[in-house]
Amino acid sequence: MISVGNRQFTSRTLRLETLVRLRWLAVGGQTIAVLIVAFWLRFPLPLLPSVALIATLACLNVALRLRYPPSLRLEPLAALVLLGFDLSQLMALLFITGGLANPFAPLVCVPVIISSASLPRQYSLWLAGLAFAGVSALAFTPFPLPWYPGSELHVPPVQMAGFWFAIVATTAFAAFYTYRVSLETNELSAALAATELALERETHLSQLDGLAAAAAHELGTPLATISVVAREMEREFGEDPRFGEDVHLLRSQSERCRDILRRLTTLSSENEEQMRLLPLSSLIEEVAAPHREFGIAIRLVERGERASEPVGKRNAGILYGLGNLLENAVDHAASAVTVTAEHTPDAVSVTIEDDGDGFAPDILARIGEPYVTRRQKEDSAGGLGLGLFIAKTLLERSGARLTFENGGAEQPGARVRVVWPRHQMEAGFARQAL
């Protein structure tokens with residue numbers, strides 16, 4: 001579940017298989033490095049402690065693979081413990097092989113980066129604190145860097161301080177950058193999921209007419225049987241003082257049900273084709289109708305010859321997208337909203353303007369991103385966050401290009417312009433947004 005308000009994403013979990021594979025990569029890399037240093041370069045090296053540390057990591061990996069299924073999603077605390085163990089093992093191996101002078105010391109940032117990408121922020125901060133403490137301890141290791149026999153590589157204190165600062169800065173920057181990218185990715189994923197749900201709901205509403213006709217057809221036969229039985233019972237018991245009133249009621253209610261089903265069937269058969277096809281003017285009117293009861297005047301302006309206006313099939317994505325843009329305009333308008341529909345042989349455009357305070361300058365450049373939720377009127381109802389992102393996404397899927405801007409001094413307020421190529425608009429009517 002994703003909480004938009006406080007930006008906490010419980011979906012930021014880490015799969016055990018991911019950690020296991022990364023650990024095997026670490027085990028392989030550490031083993032190769034130790035073997036090269038000890039047997040090829042023949043540098044003096046605490047071989048047994050190094051092998052013991054690597055073996056500990058490998059044994060824990062085997063135990064996790066045998067104990068838990070690979071598809072297991074780790075709780076944040078469990079993931080923090082495992083990443084903390086990996087970090088501690090790496091720092092212990094670095095500690096006995098030269099500390100910060102070891103060229104592999106920057107690898108300390110890897111567990112922190114993984115944590116920043118997959119765990120909530122507070123857990124990543126704990127792991128980052130452990131990394132910074134470990135890096136500081138590595139600066140004071142008594143173990144020299146493995147070097148040619150009979151000589152020892154001395155690192156000046158100033159250079160050691162530079163190593164420390166470089167590793168700390170790299171870890172902090174990489175962790176923060178990874179966290180921001182992961183956060184934005186999660187927000188975008190949540191927003192796209194909401195877009196699909198909104199489109200599915202709009203499509204479902206558009207299909208209710210057909211479902212009603214199907215229900216009327218399926219219920220017709222059993223209801224006809226009930227009506228026949230009710231008439232027979234009325235003929236037999238209509239004058240009976242005990243059952244007559246109930247029999248008359250049963251007959252009248254069965255006839256009422258048949259009338260309701262007949263109207264549903266008639267509505268579907270007579271209006272199905274008409275409801276499936278929408279001229280541009282009918283599209284705008286259908287979008288505007290639900291928003292006329294909120295005390296804000298909605299003025300519709302049509303430009304272009306009525307005889308040549310585009311006509312196409314109903315598109316749930318276009319209806320929802322324009323409806324959401326109009327709802328935002330009504331929420332922030334002072335008294336009126338103007339909707340201008342214009343068509344030419346080459347293009348179709350819909351412009352929605354309100355007479356409110358317009359978009360805040362710092363928000364205008366970011367409109368259309370998920371969770372941008374502020375207009376200039378801080379106390380106004382509604383918002384321009386996820387809903388506007390959904391509207392923009394659905395309209396762009398239909399081939400539209402959206403422009404957001406503020407009006408001038410003579411006509412202040414926000415203005416949203418949606419433009420389709422004419423051929424694509426008519427095709428866009430004909431296909432549902434995918």
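Excluding G244 itself, calculate the net charge of residues whose Cβ lies under 13 Å from the Cβ of G244, where each Lys or Arg counts +1 and each Asp or Glu counts -1. Can you show the working numbers first?
Values: positive: R235, R242, R251; negative: E234, E236, E239, D240, E245, D246.
So the surrounding residues net to -3.
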Ignoring any ligand, DNA or RNA, what whole percent of the accessible area of region 23-69 comes from carbon and sulfur when the probe is 1.4 angstrom?
79
Leaving ligands and nucleic acids out of the surface, order I36, I114, I167 by accessible area at 1.4 Å, largest first.
I36, I114, I167
Mean accessible surface per residue for region 1-152, computed with a 1.4 Å probe while every protein chain stays in place, in Å²
54
Between L14 and residues 5 or more places away or on another chain, the pairs with built amide H atoms under 5 Å apart involve L74
Ranked highest first by the average count of other Cβ atoms within 10 Å around their residues, in what order do 391-399, 416-424, 238-246, 287-295 fall?
391-399, 416-424, 287-295, 238-246
So how far apart, in nm, are the two label points at V62 and S227 if each is 7 Å from Cα heading toward Cβ?
7.9
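The values are calculated or read from the model by the stated rules, or taken from the named source; none is laboratory data. Keep in mind it's a predicted model, so treat the numbers as computed, not measured. Neighbour counts are summed over all protein chains in view; Cβ atoms, including those assigned to glycine, are modelled from backbone coordinates with ideal geometry. Ligands, DNA and RNA are stripped out before the accessible areas are found, and what is left, the full protein with its side chains, is counted by its heavy atoms. Shrake-Rupley method; radii C 1.70, N 1.55, O 1.52, S 1.80 Å.
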